[in-house]
Amino acid sequence: MPLKPLSPPKPQRVIPILAADDSSAVVSLYQSDSKIYARSVSGWFNYWRWAMVWATQLVFYGLPWLSMNDRQAMLFDLGARRFYIFNLVLYPQDLIYLTGLLVISALSLFLFTAVAGRLWCGYTCPQTVYTEIFMWVERKIEGDRIARMRLDKTPWGTAKLARKSAKHAVWIAIGLWTGFTFVGYFTPIRELATEVLAFSLGPWELFWVLFYGFATYGNAGWMREQVCKYMCPYARFQSAMFDRDTLIVTYDAARGEGRGSRPRSDTPAEYHAKGLGDCIDCGLCVQVCPTGIEIRKGLQYECISCSACIDVCDGVMEKMHYPPGLIRNSTQNGVDQKLTRAAMFKRVLRPRVLLYTAVLAAVTAGLLWSLLTRSSFRVDVVRDRGAMARVVGQGQIENIYRLQIMNATEQGQRYVLAVNGIAGAQIVSDSQVMVDAAGSRWVPVRVQIPPNAAAAGSHPITFVISTQDAPRDAVIEKSVFLVPR
């Protein structure tokens, strides 16, 4: 088996310190990280990781091109203040749904982390997904780990410049296409494509295409593991959601230690007699790790649970004719107590998991119920502050309001307005309003009551707005009617 190549020495910034005997000691103030050259790997978990790469990117890149009802199926039209999500038309007043979605996402992350660790980070996090894509491009152009290390050590020349330029050109293309797709969720993507081809992008559209593209290129091409280790807050607070029954990537030290190379022909009895365990100390588990950690040191916050080390270690165990699972997905209690997989699964239903599940189910059910029962339109009532109350012909007392009617359907609707709360109150302006499909309209409404119908002061009233075709589909909004002294 190949031995782990020696890493080049890490550059250090040092400062001499005088000791009591006037001798000097060297203290390191800074030690930079070596570049990580992740080795390619194949195996069960690698297939799953690439399946998630394909699934997430087909959704991200493909969704803006889907059409529905003669429009883009998913479009967040900030200029018109409308969000189109398939058949849903949402307005800024529907922000509660976004809040609910964020709460569901957070609770799902808590639940999955408590049960199975950082699965999100290892398989579906955008940083992981785009790093995997960029590393694939890098391997195709520059070669696998050893070839890339040799290329970086060679002096600059035509061949090295060509490879590096080709790699970065593909990276930049992927980044720009990602930025273009991102902006396509906010500007109709077909119009955006036409503007790009005509070199007529608006300043904000150009800014966000370049900004998002640069972020993708920088994070996935250059920073990579630094984002996971130092910039992502999840790496710091994940320990609050872990316990000894959380499924994590573990190294079976009792089986693997002591480490050391040995002939492949050695039987277990022979290498055990030499004080060796199943780990042959090949170092491949470190070479395939995208964050460059040593999984044999135990649980570390840098581990993103991608399970690349499991795939490569199982391959080594197969070649050595040892049983797989020296590195495996297990729990700390499972490794320490040598629990079977069934016994570990029985511990999944523990209090924190049940609590997360119950709260997540309740919030999800509430959000779905709210979406299914929401009215097909919304109404906001605003008093006209220019004229609080006035006396008009025949002593009638009049208040003026402004109603914003927002049609959340994709057909034009006619709405009927009525007012309740004070005897004799009536709407003397137009009581029927037409609103275009997925449109909104501000309507001035004049409400009058007879003289002496109410004492001086403020009185509650309600506006009842219903569709002409479905009178029972009504929205009731409260306001007040002012009677002058």
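Every number here is computed from the coordinates shown, using simple stated rules; none is lab data. Owing to the predicted nature of the structure, the values given are computational and were not obtained by experimental measurement. A quick note on method: Cβ atoms are made from the backbone with ideal geometry, for glycine too, and the neighbour counts reach across all protein chains shown.
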Which order do the peptides 165-171, 302-308 take when ranked by the mean count of other beta-carbon atoms within 10 Å per residue, highest first? 302-308, 165-171
What share of all Cα pairs of the stretch 377-483, in percent, falls into each consecutive 5 Å distance bin? 2, 12, 24, 24, 16, 11, 7, 3, 1
About the Cα centre of the stretch 53-212, what is the dipole size in debye to 20, counting +1 per Lys and Arg Cβ and -1 per Asp and Glu Cβ, all else neutral? 800
Along the dipole axis of the chain (charges at Cβ: +1 for Lys and Arg, -1 for Asp and Glu; origin at the Cα centre), the most positive-end residue among Q413, P290, V137 is P290
Partner lysines for K229 [C-alpha distance under 20 Å; skip if fewer than 8 residues away on the same chain]: K10, K35, K297
Zero-based 5 Å bins, Cα pair distances in the stretch 327-431, whole percents: 2, 8, 10, 11, 9, 8, 7, 6, 6, 5, 5, 5, 4, 5, 4, 3, 1, 1, 0
With angles folded into 0 to 90 degrees, how steeply does helix 44-62 sit against the dominant principal axis of the chain? Use alpha carbons for both and round to 10. 30
Dividing the convex hull volume of the Cα atoms of the stretch 446-485 by its residue count, what figure in Å³ per residue is obtained? 82
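For the chain, count the residues as N, evaluate 2.2 N^0.38 Å, and divide the Cα radius of gyration by that value, please. Walk me through the numbers before you get to the answer.
Numbers: Rg = 32.6 Å, N = 485, 2.2 N^0.38 = 23.1 Å.
In units of the globular-protein estimate, the chain measures up at 1.41.
Test of understanding: ordering R259, R82 by Cβ neighbours within 10 Å, fewest first, what list do you get? It would help to have the intermediate numbers written out before the result.
Details: R259 15, R82 19.
So the residues, fewest neighbours to most, are R259, R82.
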Given charges at beta-carbon only (K, R positive; D, E negative), |dipole| of the chain in Debye: 600
Roughly speaking, what % of Cα-Cα pairs in the stretch 189-324 are separated by over 27 Å, rounded to a whole number? 46
